[in-house]
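The values are calculated or read from the model by the stated rules, or taken from the named source; none is laboratory data. On a predicted model such as this, the values are computed, not experimentally measured, just so you know. Cβ sites come from the backbone with ideal geometry, for glycine too, and all protein chains shown count toward neighbours. We work out accessible area using only protein heavy atoms, side chains counted, and drop any ligands, DNA or RNA first. Shrake-Rupley method; radii C 1.70, N 1.55, O 1.52, S 1.80 Å.
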Amino acid sequence: MSEGLAASAQEQFAAAFGHAPQGVVFVPGRVNLIGEHVDYNDGLVLPMPVREGTAIAWRSAPGGEIHVKAADFGSEDRFDLSLPEKPEATDWRAYVRGMCALAPVRPVSGLQLLITGNLPRGSGLSSSASLCVGVGKALAEAADDEADSVALAQAAQRTEHEWVGVACGIMDQMAVAAGEPGKALMLDCRDLSRQQVALPHDWAVGIVDSGVTRGLVDGEYNARRAQCESAAAKLGVASLRDADLAMVESGDLDPLERKRALHVVEEIARVGSAARAIAAGDLPAMCTVLREGHASLRDLFEVSVPAVDELVERIDALLGDAGAARMTGAGFGGSIVVVGERDAIGGLPALLARPVRLAF
Ligand code: GLA
């Protein structure tokens, strides 16, 4: 748990509601090492929780009303737990209300909630998955019960689909609900089987904010998903997880679908290569995976932007053989993930003249 953030949530709760909370939950954000835009194609992914996240202080209240304050926005919401309605705007309220409607475990009484977080918004580190899973955990705690991490992740994904309108995969929600601090989560998005993967002790994972805030990404995201599904249907497979390079090259796909499908098939293979590189402590092999992954998102999946490409190139040049970078998350701005020798990543902020946060 991020102690400082939890303490801050407790203090802000007391100031806002005039009494102490009964509990506080913390859920991290995530950075994805490799396996981008493959979760909704039943693929393999390798995300990792980060230090920053969302803290939610809670206290049961008489009646059936949920009264929630979003400290970082200076705004609040009130609704009936038994029947949350869709808010007009798709802001933080949609995530909270959706999760309250869909959470696997819900208390019978009302609740006061105070939410605060330290994940930079729009940076592609899954602040929304962290928020949704956090709400689900707070509800379960208030019901004096435990919620299974898969059930929480699935409810959070449904919230995105049904309450927010983003047809996302399940990587982010599983990473923040089931990931362990300091470890990557090797997740098979088809059956949700998973394994915690420790990185070699002399490697580090850095996160660089590109400064390009993601905008209008939802429409592009949903379009990519539709292109992948159309390609899979034309190839006669349930999802692109079941396609291979020969099928993609010879299949009756339009040029755009072929590019998207090529990315997915090769990216799933890269996750396997990354897992082997990590197990063997083979940094050069890991760097190849990261560089090829970035090029593929830029050229085949077309979700990068020039400012991010330039920053990735600069970081690669500065690190030489000691590490590599790629865009992480949905794309169109956001963050860059860097994997490399711990010492080299430690020296990166000075060379880059930008902050580099460590994932663990
Ligand atoms: C977003 C989505 C995830 C995943 C990534 C891209 O973070 O929420 O489901 O598709 O983009 O890998």
**Request:** Taking H placed 1.01 Å from N in the peptide plane, check which residues at least 5 places from Val50 or on another chain put their amide H under 5 Å from its amide H.
**Result:** Gly29, Arg30, Val31
**Prompt:** Could you state the number of Å between the C-alpha centres of the stretch 20-92 and the stretch 115-141?
**Reply:** 4 Å
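Quick check for you: with a 1.4 Å probe and neighbouring chains kept, what is the accessible area per residue of the stretch 221-323, in Å²? Intermediate values should be presented prior to the final figure.
Numbers: 4440 Å² over 103 residues.
Accessible area per residue, the stretch 221-323: 43 Å².
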**Complete:** FRET efficiency for Ala350 and Leu192 from the Cβ-Cβ distance with R0 = 51 Å, rounded to 0.05, comes out at 0.80
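Can you list which of the GluC sites (Glu not before Pro) found in the stretch 1-90 are DSSP loop residues with at most 13 other C-beta atoms within 10 Å?
Details: sites: Glu3, Glu11, Glu36, Glu52, Glu65, Glu76, Glu85, Glu88; in loops: Glu36, Glu85, Glu88.
Here the GluC sites (Glu not before Pro) that fit, given the DSSP loop and packing criteria, are Glu85, Glu88.
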**Request:** For Glu11 paired with Ala295, estimate the spin-label separation in nm (one decimal), with each label point 7 Å from Cα along the Cα-to-Cβ line.
**Result:** 5.0 nm
**Prompt:** Tell me, what is the 1.4 Å probe accessible area of Asp77, in Å² to the nearest 10?
**Reply:** 10 Å²
**Fill in**
Rounded to whole angstrom, the alpha-carbon centroid of the stretch 195-243 lies from that of the stretch 148-192 at a distance of 13 Å
**Message:** Taking the alpha-carbon distance from Lys259 and a cut-off under 24 Å, which lysines remain once sequence neighbours fewer than 8 residues away in the same chain are dropped?
**Reply:** Lys234
**Prompt:** Between rounded, prolate and oblate, where does the stretch 205-302 land on the alpha carbon gyration tensor, with a ≥ b ≥ c its root eigenvalues, rounded for a/c under 1.5, else prolate if a/b exceeds b/c?
**Reply:** oblate
**Prompt:** Based on the Cβ-Cβ distance from Lys234 to Asp202, what FRET efficiency comes out when R0 is 51 Å, to the nearest 0.05?
**Reply:** 0.65
**Item:** Under 23 Å from the Cα of Lys183 - lysines, other chains or at least 8 residues apart
**Value:** Lys137
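Suppose the chain between Thr213 and Arg276 were pulled fully straight at 0.36 nm per residue; how much longer would it get relative to their current alpha carbon spacing? Show your work: numbers first, answer last.
Working: separation 63, 0.36 × 63 = 22.68 nm, distance 3.32 nm.
So the extension gain works out to 19.4 nm.
Which helices of the chain meet both criteria: a Cα extent of 30 Å or more along the helical axis and a mean Kyte-Doolittle score no lower than 0.0, with helices taken as whole DSSP H segments?
Result, helices passing both filters: 255-280.
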**Message:** With every protein chain left in place and a probe of 1.4 Å, what is the accessible surface of Lys86, to the nearest 10 Å²?
**Reply:** 120 Å²
